[in-house]
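The values are calculated or read from the model by the stated rules, or taken from the named source; none is laboratory data. Since this is a predicted model, take the numbers as computed values, not measurements. Note that each Cβ is placed from the backbone with ideal geometry, even for glycine, and that neighbours are counted across all protein chains shown. All accessible areas refer to the heavy atoms of the entire protein, side chains included, with ligands and DNA or RNA removed. Shrake-Rupley method; radii C 1.70, N 1.55, O 1.52, S 1.80 Å.
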Amino acid sequence: MTSRPVPAVPVPVPVLVYDGDCAFCTTSVNVLTRWVRPRCTVTPWQFADLDALGTTQERAEHEVLWVSPLGTVYGGAQAVAKLLLSAGGGWAWLGGLLTLPPVRWIAHGVYRLIAANRTRLPGGSPACALPADRRPGAKAWKAL
């Protein structure tokens, strides 16, 4: 899913936004950035200026986001595809494949299945299943 917001502040490089409260999400992003080496800034949504990036907390809680320098926001499997494309080489080939139907449709379904079950996956925690404002430490995030 994509949207074309008018970003409050243009971002010089793409930004990958993920759920920093979710251990599964954090581990997945750490592994991807170590192996794939995408050309982007990586930040948990809890520390990101979501308004400036042209997105919302609700969307960031729902899926990983890729915000292009032009302000286009890609979510879920398409955000992963953009991450792979940014890395170049063989990763870019895989990212390109994820953008083409019917692979795109399959990738979307697989992403939604994983996202819906992240509390049950290795590294997942019960906190992932709670709304962001009810997670442990939620008050600490808001204080920052």
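For the stretch 36-110, the helices (runs of 4 or more DSSP H) that sit wholly inside it and include 1 or more residues that are modelled with pLDDT of 95 or more and aromatic (Phe, Trp, Tyr) are 89-98. Right, PRO69: over 19 Å from GLY96 (Cα atoms) and either surrounded by fewer than 20 Cβ atoms within 10 Å (Cβ to Cβ) or within 13 Å of the chain's Cα centre (by Cα) (or both) or not? It is false that PRO69 is over 19 Å from GLY96 (Cα atoms) and either surrounded by fewer than 20 Cβ atoms within 10 Å (Cβ to Cβ) or within 13 Å of the chain's Cα centre (by Cα) (or both). Among the residues of the stretch 104-118, those identified as free of Cβ contacts under 8 Å to residues at least 12 places away in the same chain and open to solvent by less than 50 Å² (accessible area, probe 1.4 Å) are GLY109, ASN117. Answer with yes or no whether VAL64 is buried (at least 21 other Cβ atoms within 10 Å of the Cβ) and free of Cβ contacts under 8 Å to residues at least 60 places away in the same chain. Taking the combined requirement at face value, the residue satisfies it. Restricting the stretch 121-144 to residues that are loosely packed, with under 11 Cβ neighbours inside 10 Å and modelled with pLDDT of 60 or more, the residue that is farthest from ALA77 (Cα to Cα) is PRO126.
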